[in-house]
Amino acid sequence: MMQAQETQKRTSGRGSGQPPLVEMRDISISFGGIKAVDHVSVDLYPGEVVGLLGHNGAGKSTLIKVLSGAYQMDHGEILIDGNKVEINNPRDARANNIETIYQTLALADNLDASSNLFLGREMVTPFGLVNDAAMEAECRKIMAQLNPNFQKFNDPVSALSGGQRQSVAIARAVYFNARILIMDEPTAALGPHETQMVADLIQQLKAQGIGIFLIDHDVHAVMELCDRASVMKNGQLVGTVDIPDVTDDDLLSMIILGKKPGEKTE
Amino acid sequence: MTETSSQPVPQKAKTNLFQQLELDMRLLGMIGAFIILCIGFNIFTDGRFLTPRNLFNLSIQTVSVAIMACGMVFIIVMRHIDLSVGALLATTSAVMAMTQTELLPNVLGIGLNHPATWAITLVVGLVVGTLIGAFHGWMVGYLTIPAFIVTLGGFLVWRNVAWYMTDGQTIGPLDSTFLMFGGTNGTLGTTVSLLVGLAATAIAIWALWSGRRSKAAHGFPVKPMWAETTLAAIIGIAIMGYVFIVNSYAIPTRRLERMFEAQGETMPEGLVVGYGIPISVLILILVAVTLTVVARKTRFGRYIFATGGNPDAAELSGINTRMMTVKIFALMGFLCALSAVVASARLANHSNDIGTLDELRVIAAAVIGGTALSGGIGTIYGAILGALIMQALQSGMAMVGVDAPFQNIVVGSVLVLAVYIDIVYRKRLGAK
């Protein structure tokens with residue numbers, strides 16, 4: 001399930017001379033004349049968590065949807081391990097081991113947990129029929145790791161609590177050997193206990209060398225979970241900073257005023 | 001993250017008898033309503049409703065709408081609607097009538113009752129139906145015109161295309177082999193019916209057993225053995241009961257005499273021959289079983305339900321929802337053509353008004369059968385039961401002597417009431 005890469009600390013794979021896991025260069029995308037993302041570049045190294053911050057409408061979700069294949073960029077390029085890749089749809093993103101946990105969870109409410117976990121990638125029998133029993137068994141295995149209290153395997157996910165739904169969404173991203181994980185406000189709908197669960201999970205995934213883009217409104221969560229943060233305002237990149245070098249207030253002023261802390265250069 | 005063992009599967013205490021059988025309560029409700037309806041009409045008609053003859057007729061009258069209702073389930077589950085099915089039935093019926101009476105005799109020199117006529121006609125009709133359906137689906141999926149509008153347009157277009165194809169005339173007589181798809185003119189006979197019934201029972205039991213085995217193999221809870229046996233017995237009794245009913249509906253003596261005369265033989269005195277299962281009913285059963293397997297056991301079916309449940313989620317999961325739309329409308333077109341075969345063969349001709357108001361009957365059957373217009377929920381067997389309940393209502397009221405306008409008032413009210421009961425039921429269940 002996981003890549004066996006060496007455990008990396010806060011500095012992660014950065015500075016070791018290897019190319020970044022993901023590099024999004026000079027990305028632009030417009031909707032009806034409005035530049036939602038305007039020549040933005042961000043990168044992500046293995047075992048690193050990069051926070052994407054900004055107001056609503058700053059363009060962070062749009063930027064990340066280019067990477068997950070939901071939107072097509074007008075301009076720019078995406079490199080994975082230093083190689084240019086084409087991502088035109090969610091299938092391409094998955095083929096590049098990019099998994100996304102969407103803000104809206106993107107679950108089919110009428111299907112059960114295992115159907116959602118395997119949606120688009122069902123296990124089939126030799127006759128080409130979907131193998132529900134095998135999928136449920138796999139689903140039980142991964143849920144035993146992620147959320148041992150989870151028991152509702154045969155109910156539609158509409159019958160689940162917010163946290164349970166979130167574990168299904170996370171299980172889907174984790175199960176398929178993700179190398180690059182995009183989390184769009186993963187704790188928005190969760191209580192304190194479940195938020196802690198997600199935080200622990202992020203640490204685990206980091207330790208396995210997975211690179212994570214974390215989109216969040218909450219500056220404190222970003223300070224706690226991320227190694228670096230890229231801040232966007234009005235579609236443009238304000239700057240990227242190393243979390244140990246900045247304070248909450250520095251980040252807030254980047255978000256609100258669009259000003260980089262004077263001494264920082266990246 | 002190192003532990004990989006599966007979670008223990010808790011054994012919930014299921015005290016309720018129905019819970020142990022794991023039967024769908026909505027299905028039971030519909031079967032109950034159908035039985036009450038039949039018994040009620042039987043009382044009011046002095047025992048004329050529950051006769052082999054009437055039940056045989058009821059089943060062949062239901063087939064055409066029921067076949068289309070199966071396709072409508074997929075359409076509605078994907079949050080679309082098809083208002084053009086009756087008109088599409090008329091067009092494909094006209095195409096097939098013209099193929100066998102004009103096209104084949106004049107172009108290929110193959111006349112009516114030639115052994116190839118019915119087969120070519122069938123293929124032409126099914127291909128035309130599928131293509132028109134796919135065209136609808138393309139407009140809905142790729143041009144993003146709402147299905148309601150596309151098929152509302154189709155409703156007007158195709159009924160009148162049919163009119164132009166036949167110059168508004170009734171086309172008949174039709175090929176004698178073709179007529180076998182209509183019902184009374186094509187039945188399997190008692191012996192074959194019995195064999196088909198036994199085979200169907202065997203397959204049903206095998207399906208139950210293999211489902212149980214596959215669950216047990218992964219250590220999931222299974223029903224107690226007695227529940228499984230009861231279920232198998234109920235299914236077996238239902239199948240064999242129907243076979244028994246249609247086998248005991250005897251072909252009228254006059255008709256039998258003519259059949260013997262056609263073969264150049266004389267009928268033995270006092271001979272009684274039962275009809276057996278109508279071919280049209282067999283077609284419906286094959287369609288229902290195939291589509292149920294598609295819905296539950298194929299990726300295509302899974303994606304139909306996923307798209308209905310959350311179109312964005314389906315799209316983000318890499319499902320090509322546009323192509324899916326084309327496919328389900330193409331399937332709907334194919335089923336309309338199949339219904340056209342059954343309907344025109346049952347009437348023994350193609351008439352202008354064939355399939356009029358069928359779109360409403362088909363949608364009503366699917367909805368009464370538990371298909372939610374909000375998408376994501378629906379079953380094939382529910383739609384067929386829905387069609388059967390509506391047909392039973394209509395035939396029963398006709399037999400009792402209820403005025404035609406009042407029949408429609410009742411059917412309309414039942415539709416609304418059925419959906420209301422469904423909503424209440426779902427709320428109680430807490431799901432959706």
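In region A:186-207 there is at least one residue matching the filter, namely being assigned to a helix (DSSP H, G or I), within 10 Å of chain B (Cβ to nearest Cβ), touching a residue at least 60 places away in the same chain (Cβ under 8 Å) and out of contact with any helix residue (DSSP H, G or I) (no Cβ under 9 Å at 6 or more places or on another chain). From A:G82, A:G76, A:G57, grab the single residue that is out of contact with any Asp or Glu (no Cβ under 8 Å at 6 or more places or on another chain), away from chain B (no Cβ under 14 Å) and on the phi > 0 side of the Ramachandran plot. Step by step, each of A:G82, A:G76, A:G57 is checked, and only A:G57 is out of contact with any Asp or Glu (no Cβ under 8 Å at 6 or more places or on another chain), away from chain B (no Cβ under 14 Å) and on the phi > 0 side of the Ramachandran plot. Go through region B:268-311 residue by residue and tally those that are part of a loop (DSSP other than H, G, I, E, B) and either within 12 Å of chain A (Cβ to nearest Cβ) or touching a residue at least 12 places away in the same chain (Cβ under 8 Å) (or both). Qualifying residue count for the region: 8.
Might you check whether a residue that is assigned to a loop (DSSP other than H, G, I, E, B), of a type in the set (D, E) and away from every other protein chain (no Cβ under 14 Å) occurs anywhere in region B:400-421? The answer is yes; a qualifying residue exists. Within the group B:S59, B:S93, B:S84, which residue is more than 30 Å from B:F305 (Cα to Cα) and in the same structural domain as B:G168 (by TED's automatic domain parsing)? Result of the check over B:S59, B:S93, B:S84: B:S93.
The combined condition, being modelled with pLDDT of 90 or more, of a type in the set (G, A, S) and in contact with a Cys (Cβ under 9 Å, 6 or more places away or on another chain), is fulfilled by B:G396.
If you go through region A:208-232 and pick out every residue that is farther than 15 Å from A:Q166 by Cβ and assigned to a helix (DSSP H, G or I), you end up with 6.
Checking each residue in region A:107-123 for being more than 22 Å from A:Q151 (Cβ to Cβ) and within 7 Å of another protein chain (Cβ to nearest Cβ) picks out A:G120, A:E122. In region B:323-339, is there at least one residue being within 14 Å of chain A (Cβ to nearest Cβ), farther than 30 Å from B:D175 by Cβ and of a type outside the set (G, A, S)? Yes. Cβ separations smaller than 6 Å between residues 6+ apart or across chains give no pair from region B:406-420 residues that are exposed (fewer than 13 other Cβ atoms within 10 Å of the Cβ) to residues that are among the acidic types (D, E). Looking across region A:151-185, the residues that are part of a loop (DSSP other than H, G, I, E, B) and surrounded by fewer than 21 Cβ atoms within 10 Å (Cβ to Cβ) come down to A:Q151, A:K152, A:F153, A:N154, A:D155, A:L160, A:S161, A:F176, A:N177, A:R179, A:E185.
Taking the listed residues B:I145, B:I149, B:I171, B:I205, the one that is crowded, with 21+ Cβ neighbours inside 10 Å and among the β-branched types (V, I, T) is B:I171, with no other qualifying. Considering region B:315-351, the residues that are in a helix (DSSP H, G or I), more than 22 Å from the chain's Cα centre (by Cα) and aliphatic (A, V, I, L, M) include one that is modelled with the lowest pLDDT, namely B:L316.
Go through region B:158-209 and count every residue that is within 15 Å of B:T99 (Cβ to Cβ), part of a loop (DSSP other than H, G, I, E, B) and either within 20 Å of the chain's Cα centre (by Cα) or of a type in the set (V, I, T) (or both). Within region B:158-209, residues that are within 15 Å of B:T99 (Cβ to Cβ), part of a loop (DSSP other than H, G, I, E, B) and either within 20 Å of the chain's Cα centre (by Cα) or of a type in the set (V, I, T) (or both) number 1.
Quick one: is A:D43 assigned to a strand (DSSP E or B), on the phi < 0 side of the Ramachandran plot, modelled with pLDDT of 85 or more and not small (G, A, S)? Considered against the rule, which asks whether it is assigned to a strand (DSSP E or B), on the phi < 0 side of the Ramachandran plot, modelled with pLDDT of 85 or more and not small (G, A, S), A:D43 comes out as yes. Taken over region A:196-214, residues that are farther than 17 Å from A:V174 by Cα and modelled with pLDDT of 90 or more amount to 0. Residues of region B:371-384 that are within 14 Å of chain A (Cβ to nearest Cβ) and within 18 Å of B:I67 (Cβ to Cβ): B:T371, B:G378, B:T379.
The values are calculated or read from the model by the stated rules, or taken from the named source; none is laboratory data. What you see is a predicted model; the values in this text were computed from it and never measured. Please note: Cβ atoms are built from the backbone with ideal geometry, for glycine as well, and neighbour counts cover all protein chains shown.
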